[in-house]
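Sharing a structure, written as structure tokens. Questions coming.
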Amino acid sequence: FTLSFWDEGYRPQLALCGSESGRDVDKVKECGCTVKTADCGAPYCEEASLVLVCRQRFAQPMDPDAIPQEIKDKWYPQKDYHTMYIGEIIAALVRQD
């Protein structure tokens, strides 16, 4: 998987990505990103200023019993809980402007 870091000028695109579901909106198209593929096969957006390419080392579904009810009510009304990941950084890609 990849982690992308963006310049301040991309705040509107990041706001869209944080507020819309990929099930409803083509985020890549709406943000105007150019998708590239890292050597390991993981996708990333060429416009990011820094991309960390990671190897998954651990994954664990969130435990709904450990989440306060008010958070479940607000953020997980459909009980579609996240999975937490731990990754090992195997490469860093820096955009050259």
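Rule-based calculations on the coordinates, nothing more; no lab input. Bear in mind the structure is a predicted one, so any value in this text is a computation, not a measurement. So basically every Cβ, Gly included, is an ideal-geometry build from the backbone, and we count neighbours across all protein chains shown.
Take the chain, connect every pair of alpha-carbon atoms lying under 10 Å apart with a spring to form a Gaussian network, then pick out the residue of Gly32, Gly41, Gly22 with the largest mean-square fluctuation.
Gly22
Let me ask you something else. Output the peptides 63-74, 46-57 sorted from most to least packed, where packing is the average of other Cβ atoms within 10 Å over each peptide's residues. Before the final figure, lay out each step's value.
Working: 63-74: 9.5, 46-57: 15.7.
Per-residue Cβ counts within 10 Å, averaged per peptide and sorted highest first, yield 46-57, 63-74.
Dividing the Cα convex hull volume of region 2-92 by residue count, how many Å³ per residue is that? Numbers along the way, then the final one.
On the way: hull volume 11.4 nm³, N = 91.
Cα-based convex hull of region 2-92, divided per residue, equals 125 Å³.
Which whole-number percentage describes the relative contact order of the chain, with Cα contacts under 8 Å and a sequence gap of 6 or more?
32 percent
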